[in-house]
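Before any comments, here is the structure.
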Amino acid sequence: MTRWEHLFYGEFADRRTLLAGLTLAQVTARPGRAPHSIYDELWHAALWQDIMVDRDEALYEGVWQTGERYPGRPPTDLAEWTALVDRFFSGLTRALAWTSSAEQLEQEVNPGETMADLLRALAVHNSYHLGKIVGLRQVMGAWPA
């Protein structure tokens, strides 16, 4: 596993395992005083991943103008959750594609910021939200037997 794969796919727990085996009720629940559901956390991570990996300035501006950093509504069926999981993993694949050459990693994407810098920040951001998902699963006891 390369350093980049380690950052995006994890060393101790496969990202797919963290998101597998959940029901619609579990992905939409907000146990206790949790401000966001599992769905909300992954939706937010996927959104920022799309913005950063695809360098989507229009999406970035739209998010800041509307303030929609989390979904406006919960999913209505499990297919929406599955599509979101697929979108998240597609983003991970696109992120790793940036690591295929030193030239791409050293490309300046903002003044004084390289693509490598951006990808490291994205990996930390993803880890933060995946950690929140793990915490929510723990609180709900939503792990496969």
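The values are calculated or read from the model by the stated rules, or taken from the named source; none is laboratory data. Bear in mind the structure is a predicted one, so any value in this text is a computation, not a measurement. Areas reflect the complete protein model, heavy atoms only, side chains present, ligands, DNA and RNA absent. Shrake-Rupley method; radii C 1.70, N 1.55, O 1.52, S 1.80 Å.
Each helix, a run of at least 4 DSSP H residues, gives -39500 (n - 2.57); summed and divided by the residues of the chain, these come to -20500 deg cm²/dmol at 222 nm.
Here's how it looks for Val109: its modeled amide H is under 5 Å from those of Thr114, Met115, which are all 5 or more places away or on a different chain. Which of (i) 1.08; (ii) 1.18; (iii) 0.97 is the computed Cα Rg over 2.2 N^0.38 Å for the structure on display? So the structure-derived entry is (i).
The apolar share of the surface of the chain, taken as the fraction of accessible area on carbon and sulfur atoms (1.4 Å probe, ligands and nucleic acids excluded), comes to 56 percent. Phi angles of region 22-33 translate, via the Karplus equation with coefficients 6.51, -1.76, 1.60 and θ = phi - 60°, into HN-Hα couplings of 9, 8, 4, 4, 5, 6, 9, 5, 10, x, x, 10 Hz per residue; Gly and Pro are given as x. The heavy atoms of Val85 offer some 20 square angstrom of accessible surface to a 1.4 angstrom probe. Whole-Hz Karplus values for region 76-90 come out as 9, 8, 5, 4, 5, 5, 4, 4, 5, 4, 4, 4, 4, 6, 4 Hz, taken residue by residue from phi with 6.51 cos²θ - 1.76 cosθ + 1.60 and θ = phi - 60°; glycine and proline positions read x.
In this structure the amide hydrogen of Ala29, modeled in the peptide plane, comes within under 5 Å of the amide hydrogens of Ile38, none closer than 5 places in sequence on its chain.
Normalised by the number of residues in the chain, the mean separation of alpha-carbon contacts (under 8 Å, six or more apart) gives a relative contact order of 35 percent. Per-residue extension of 0.36 nm, minus the Cα-Cα distance of Arg120 and Val134, leaves a gain of 3.0 nm for this segment.
Of the residues Pro75, Pro31, Pro111, the one that moves most in a GNM of the chain with alpha-carbon contacts below 10 Å is Pro111. Solvent-accessible area per residue in region 99-143 equals 52 Å², computed with a 1.4 angstrom probe and all protein chains kept.
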